[in-house]
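Below is one structure, written out as structure tokens; comments come after it.
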Amino acid sequence: RLEGLGVLLGERPLEALLGDAARALLVEPPRRAARTLAQSLVVPAPRAPAPAPALLGPDRAADIVVNVLLPLLAAWGESLAHAPLAAAARACYLAHPPLSDNERLRHMRRQVLGRDDRALLATACRQQGLLHIYAQTCAWRRCSVCLVRPPRDGAAPDP
């Protein structure tokens with residue numbers, strides 16, 4: 001991953017990468033902008049005799065878009081008082097397709113729906129919401145304060 005980031009930044013200065021990303025957000029619809037941003041971060045494997053995985057593949061690029069690039073661009077728009085950029089970054093985040101699945105998301109789907117149904121998580125934003133709840137409650141076994149499941153005994157949640 002670090003090698004991929006090094007290659008990416010070696011090929012394009014950070015200012016150019018951020019400028020291109022901001023332009024994509026401002027001119028493309030949110031879902032298309034999400035794809036454009038992820039594609040701009042993919043770093044294929046160097047040429048080798050045997051096929052090798054990408055240094056930064058599409059899934060990892062999408063993770064970087066959601067967790068790094070969009071928050072950075074939203075903050076940049078806010079700091080520059082550039083409301084259209086901040087709004088476009090938020091709109092792209094809200095519309096971004098779901099990221100890769102994992103055990104924590106499967107656990108939360110079972111908790112919320114009683115079954116492992118991926119349809120609930122139609123966006124990366126929803127995934128991150130469930131991951132936040134997981135981190136605040138499930139990871140610490142704080143079931144009594146879970147936002148998803150009411151206490152089983154009818155008692156009020158712990159403060």
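The values are calculated or read from the model by the stated rules, or taken from the named source; none is laboratory data. Everything numeric here is computed off the predicted structure, so don't read it as measured data. Here the Cβ positions follow ideal geometry from the backbone for every residue, glycine too, while neighbour counts run over all protein chains shown. Remember, those area values only see protein heavy atoms, side chains included, never the ligands or the DNA or RNA. Shrake-Rupley method; radii C 1.70, N 1.55, O 1.52, S 1.80 Å.
Once all protein chains are placed together, His107 keeps about 60 Å² accessible to a 1.4 angstrom probe.
Only helical DSSP H runs with n ≥ 4 go in: add -39500 (n - 2.57) per run for the chain, normalise by residue count and round the 222 nm mean residue ellipticity to 500 deg cm²/dmol. The helix-only estimate for the chain comes to -17500 deg cm²/dmol at 222 nm. Taking all protein chains as shown and a probe of 1.4 angstrom, Cys92 keeps an accessible surface of around 0 Å².
Run the numbers on the chain and let me know its relative contact order in percent, using alpha-carbon pairs under 8 Å that are six or more apart. The partial results should precede the final answer.
Working: 166 pairs, mean separation 26.2, N = 159.
Here the relative contact order equals 16 percent.
For the stretch 80-153, trypsin sites (Lys or Arg not before Pro) are listed when DSSP marks them as loop and at most 13 other Cβ atoms sit within 10 Å of their Cβ; the list is Arg115, Arg141, Arg142, Arg152.
As I understand it, the dipole of the chain uses +1 on the Cβ of Lys and Arg and -1 on the Cβ of Asp and Glu, about the Cα centre. Which of Leu17, Ala48, Pro58 lies farthest toward its positive end? Farthest towards the positive end: Pro58.
A Stokes-Einstein calculation at 25 °C with viscosity 0.890 mPa s, built on the Kirkwood radius of the stretch 93-141 over Cα pairs, returns a diffusion coefficient of 228 µm²/s.
Axis of helix 2-11 versus longest Cα principal axis of the chain: the two differ by about 40°, to the nearest ten degrees. Computed from the C-beta positions of Ala52 and Ser79, the FRET efficiency with R₀ = 41 Å rounds to 0.55.
Relative to the longest principal axis of the Cα atoms of the chain, the long axis of helix 14-27 makes an angle of roughly 70 degrees.
Dipole of the stretch 30-146, Cα-centred, from +1 at each Lys and Arg C-beta and -1 at each Asp and Glu C-beta, to the nearest 20 debye? Let's see the in-between values first.
Numbers: 15 positive and 7 negative charges, 54 e Å.
Result for the stretch 30-146 is approximately 260 debye, rounded to the nearest 20.
Structure remark: mean-square fluctuation, Gaussian network model of the chain, C-alpha springs under 10 Å; the largest value among Pro51, Pro13, Pro84 belongs to Pro51. Candidates (1) 34, 21, 13; (2) 47, 18, 14; (3) 25, 20, 15; which is the computed semi-axes √(5λ) of the Cα gyration tensor in Å? Recomputing semi-axes √(5λ) of the Cα gyration tensor in Å here picks out (1).
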